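Working notes for the structure below.
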Amino acid sequence: MRGALRTLISGVISIAWLLTASGSVQAAEWEFVRLLRLSGYVPVFVAVTPSGDIVVATFNSKPRPGLVDLPVVLIHKPLSAEVQYYVVCKHPFDTMRGYSGVAVDEAGNFYIAADTGNGATSWIRRYKPDGTLDKNFGTDGEIKTGRRMLGLDLTGKFLFSTAAFGELMVFDRETGKLVGSAPRPDSPPLIRDVAVDPARQTVYGVAQGAAWVWEGGTFEKPSDYKLRRLSPNVGEERAGEGIYFDAVSRRALMPDSRSGNLLSVSGNDGVRSSRISEPTPNYNSLADAALLTDGSTLVVTDMALNTIYIMKRSATVETAVAEASAPAPAGAPPSESPLPALAPVPSSPADTPPPLAPVPAVAPIASPATDTSAGGIKWLTDYEAATAEARSARKPLLLFGAANDVPLSQEVESGYLSSPEFTDLAKHFVLCRLDVTRQRQLALKLGIFRVPYIAVYSPDGNRLVVFLGKKDGREISAKLKELAGVAP
């Protein structure tokens, strides 16, 4: 049935919980929970939907020439005992070719990149939540640049990819029109994937096991970006090299096929290993990673075993790297509320699987506006506009992650953020109110997994402090005065 998401594997599959598995990923920072098998298909790039489902692009690893119809697979309820597999779209690929990137926006639209090995036939397409091609995107539903398209990521209104090899291209997510591109290096690295840090407006890339970063530009003006190497090559050129930005640790994650390790990289302090134990490097072929909507569950694809590993951030590391994602202690009254969940996919008998229900429509991101509900202070609601103003004015950015239907969020907004004390301090900051219900994917990119959430960033996007949940206003004011250089 054209245009509908259909089950890839008939019926509902029960998955046994696993403690260990031959070739499975074990780590000090990331604790192995379970694995999922993608029978008959090789998983490569991975993304996560706003409702917490996994989207996996596949690859034709068959040695003999010949086209194979490859699916992009949606894995519904990946942490449950009953996992369902659906097909988003299919496309034929020759040997050693396949999809080269996948991303999902707030409305549940799927962005898919295909690398056929030929620039004339490679593309980026957008599919609606029900699996139909969106003809309003690009030209008749696709972007073609005449170059091989490698890697895919999005944030806010921007979509990112690279033209083979090493030329960063930025597109308007809604229209598919080119915003601009970064200068192509004279000897470009063979970059296979990209990952975006929206706060710093930097873009990471991976090539032959080496980490790279585009910096010095902005999403609106990518021609100012310069590409810088962060680490040496540690492997050969290969398909299926992924990179993912972890907003909790503020580092990009690179699954390393050569060693079986999960590497992490920062533009400031280079690359380090996550100390994955029992890597069996000749057995695993790790490709890509993505974080689920809870901020602590990581999925990693393995091309050698047709497997997806489910990992959990260890409690000690989670507490150490980011207060923003730490859950309330067990047994203690919670000081913050989870983000409201979007509508789940309806279940049905296995013999008559329905198309997936579309994610509820999301209102367009509002232009900069004054939010009179917070004491008449000027709150921008367009995150990109707010970061641009912070850079231009050289002021810190104060970001408030809010959800209208979460009482604690409303309490902070009508209380401290509307108080005379905060009003007096507000003039020292650019203020941005992010509605995490409408802008779920952007919130996740920024590491907002629970609300209410207040963070302050330097004009260049470095996160300086985070206040999670309901905090004493005096504590917040003291820190804001320190950051603004105001006498206590």
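The values are calculated or read from the model by the stated rules, or taken from the named source; none is laboratory data. Note that the coordinates shown come from a computational prediction; the quantities given were computed from them, not determined experimentally. We place every Cβ from the backbone using ideal geometry, glycine too, and count neighbours over all the protein chains shown.
Search the stretch 44-63 for residues being more than 21 Å from Leu444 (Cβ to Cβ) and touching a residue at least 60 places away in the same chain (Cβ under 8 Å), and hand back the single one that is nearest to the chain's Cα centre (by Cα).
Here the answer is Val44.
Checking the conditions here, which among Ala374, Ala385 is touching a strand residue (DSSP E or B) at 6+ places or on another chain (Cβ under 9 Å), in the same structural domain as Tyr457 (by TED's automatic domain parsing) and at pLDDT 90 or above?
Ala385
For the stretch 99-106, check the following and say yes or no: at least one residue is in contact with a helix residue (DSSP H, G or I) (Cβ under 9 Å, 6 or more places away or on another chain), in contact (Cβ under 8 Å) with a residue 12 or more places away in the chain and not in a strand (DSSP E or B).
Checking the stretch 99-106: at least one residue is in contact with a helix residue (DSSP H, G or I) (Cβ under 9 Å, 6 or more places away or on another chain), in contact (Cβ under 8 Å) with a residue 12 or more places away in the chain and not in a strand (DSSP E or B).
Just need a number here: residues in the stretch 116-135 that are of a type in the set (S, T, N, Q) and either assigned to a strand (DSSP E or B) or buried (at least 22 other Cβ atoms within 10 Å of the Cβ) (or both).
1
Evaluate the following for Gly138: is it at pLDDT 95 or above, at positive phi and surrounded by fewer than 24 Cβ atoms within 10 Å (Cβ to Cβ)?
yes
Considering the stretch 436-463 alone, what residues qualify as being outside any loop (DSSP other than H, G, I, E, B) and farther than 23 Å from Ser296 by Cβ?
The answer is Val456, and nothing else.
Only residues that are among the polar types (S, T, N, Q) and part of a strand (DSSP E or B): list them for the stretch 194-253, please.
Of everything in the stretch 194-253, just one residue is among the polar types (S, T, N, Q) and part of a strand (DSSP E or B), namely Thr202.
Which condition from (1) crowded, with 23+ Cβ neighbours inside 10 Å; (2) within 17 Å of Val56 (Cβ to Cβ) is the one that Met149 breaks?
It is condition (2) that Met149 fails.
With respect to the numbered conditions (1) surrounded by 21 or more Cβ atoms within 10 Å (Cβ to Cβ); (2) without any contact (Cβ under 8 Å) to a residue 60 or more places away in the chain; (3) closer than 30 Å to Gly267 by Cβ, which one is the sole condition not fulfilled by Lys481?
(1)
Among what's in the stretch 425-435 and is outside any strand (DSSP E or B) and of a type outside the set (D, E, K, R), pick the residue that is nearest to the chain's Cα centre (by Cα).
Phe429
Scanning the stretch 427-442 for residues that are farther than 12 Å from Tyr383 by Cα and touching a Leu at 6+ places or on another chain (Cβ under 8 Å), which turns out surrounded by the most Cβ atoms within 10 Å (Cβ to Cβ)?
That would be Arg440.
Given Ala113, Ala164, which one is touching a residue at least 40 places away in the same chain (Cβ under 8 Å), surrounded by fewer than 24 Cβ atoms within 10 Å (Cβ to Cβ) and within 12 Å of Asp193 (Cα to Cα)?
Within the list Ala113, Ala164, the selection yields Ala164.
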